[in-house]
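Asks: One structure coming up, written as structure tokens, with questions to follow.
The values are calculated or read from the model by the stated rules, or taken from the named source; none is laboratory data. Since the structure is predicted, the reported quantities are computational estimates derived from the model, not experimental observations. As a convention, Cβ positions derive from the backbone with ideal geometry for all residues, glycine included, and neighbour counts pool all protein chains shown. For the accessible areas, the whole protein counts, side chains as well, though only heavy atoms, and no ligand, DNA or RNA atoms are used. Shrake-Rupley method; radii C 1.70, N 1.55, O 1.52, S 1.80 Å.
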Amino acid sequence: MGLDPQPLPPRLDLALVRHIAAAAAQVGIGRDPAIRLCTDPLQLSRVPPLIDQLTDSLRVSPLPRQELERLTQTLDLESIARIVGTSPVSLRRYLAGTRDAPDDVAARIHWLALTVSDLLGAYNEIGVRRWFDRPRSALDGQSPSQVLSIGWDPDDPGPIAVQTLASALTTPGIGA
């Protein structure tokens, strides 16, 4: 989502969690768990539930400009535009801050950022780019790009199936 430092440190530790929590709170996401995560002293037993609360807040809170900035590190604007159903010109405007993304486009950009994040846990950038155009048996032989029809909504069955397939690559106990 563009809240984490680049490059990512080699391990997840409390300092990184606090950095992400503070960055999320600055943009109005997950303020309550962020405040608790960033407060010293913090009981270790409280960390996992607070991370879960923050994660839940992040999953439902699009940040189109920041997410586009991060997405362009992996996908080109034309690919992003094709997947989210808008034009590269509009994406450039959202990136520049001269125009706000409409809610439906913001939701698709957010979905794409979360999906690409999952894919980057299993593939390099070339693999991620190719993943969207390769047919998948779990999608009845269609590619993820084919499943994402014009005007798709992240809560539609097709996008849910695509995101489930991507997250299965990095979720323990779930086969891809």
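Asks: Which count do you get for residues in the stretch 68-89 that are part of a helix (DSSP H, G or I) and either open to solvent by 40 Å² or more (accessible area, probe 1.4 Å) or small (Gly, Ala, Ser) (or both)?
Replies: Selection size over the stretch 68-89: 7.
Asks: Next up: Within the set of pairs 6 or more residues apart or between chains, which connect a residue that is within 15 Å of Ala166 (Cβ to Cβ) inside the stretch 141-154 to a residue that is open to solvent by 30 Å² or more (accessible area, probe 1.4 Å) and among the acidic types (Asp, Glu) with Cβ atoms less than 7 Å apart?
Replies: Ser143/Asp133; Ser145/Asp133
Asks: Can you find, within the stretch 36-55, the residue that is nearest to Leu16 (Cα to Cα) among those that are open to solvent by 60 Å² or more (accessible area, probe 1.4 Å) and in contact (Cβ under 8 Å) with a residue 12 or more places away in the chain?
Replies: Arg36
Asks: Of all residues in the stretch 128-142, which are surrounded by 13 or more Cβ atoms within 10 Å (Cβ to Cβ) and within 22 Å of Gln73 (Cα to Cα)?
Replies: Answer for the stretch 128-142, where residues must be surrounded by 13 or more Cβ atoms within 10 Å (Cβ to Cβ) and within 22 Å of Gln73 (Cα to Cα): Val128, Arg129, Trp131, Phe132.
Asks: Listed residues Ser145, Ser149, Ser117, Ser57; which is at pLDDT below 95, assigned to a loop (DSSP other than H, G, I, E, B) and of a type outside the set (A, V, I, L, M)?
Replies: Ser149
Asks: Would it be correct to say that Arg36 is more than 24 Å from Thr164 (Cα to Cα), at pLDDT below 85 and not β-branched (Val, Ile, Thr)?
Replies: So Arg36 passes the test.
Asks: Go over the candidates Arg99, Arg82, Arg108, Arg92 one by one and state the one that is among the basic types (Lys, Arg) and within 23 Å of Thr171 (Cβ to Cβ). Break it down into steps so the answer makes sense when it comes.
Replies: Working: Arg99 fails: within 23 Å of Thr171 (Cβ to Cβ); Arg82 fails: within 23 Å of Thr171 (Cβ to Cβ); Arg92 fails: within 23 Å of Thr171 (Cβ to Cβ).
Going through Arg99, Arg82, Arg108, Arg92 in turn, just one is among the basic types (Lys, Arg) and within 23 Å of Thr171 (Cβ to Cβ): Arg108.
Asks: For the subset of the stretch 94-114 comprising residues that are more than 15 Å from Val60 (Cα to Cα) and assigned to a helix (DSSP H, G or I), which member is least open to solvent (accessible area, probe 1.4 Å)?
Replies: Of the stretch 94-114, the ones more than 15 Å from Val60 (Cα to Cα) are 94-102.
Narrowing the set further to residues that are assigned to a helix (DSSP H, G or I) leaves 94-96.
Values: Tyr94: 9, Leu95: 46, Ala96: 73 Å².
So the residue we want is Tyr94.
Asks: Within the set of pairs 6 or more residues apart or between chains, which connect a residue that is farther than 18 Å from Val147 by Cβ inside the stretch 100-125 to a residue that is at pLDDT 95 or above and open to solvent by 60 Å² or more (accessible area, probe 1.4 Å) with Cβ atoms less than 7 Å apart?
Replies: Listed by first residue and then by second, the contacts come to nothing, as the list is empty.
Asks: Can you name the condition, by its number, that Arg65 falls short on among (1) modelled with pLDDT of 75 or more; (2) out of contact with any Phe, Trp or Tyr (no Cβ under 8 Å at 6 or more places or on another chain); (3) of a type outside the set (Phe, Trp, Tyr); (4) open to solvent by 80 Å² or more (accessible area, probe 1.4 Å)?
Replies: Every listed condition holds for Arg65 apart from (2).
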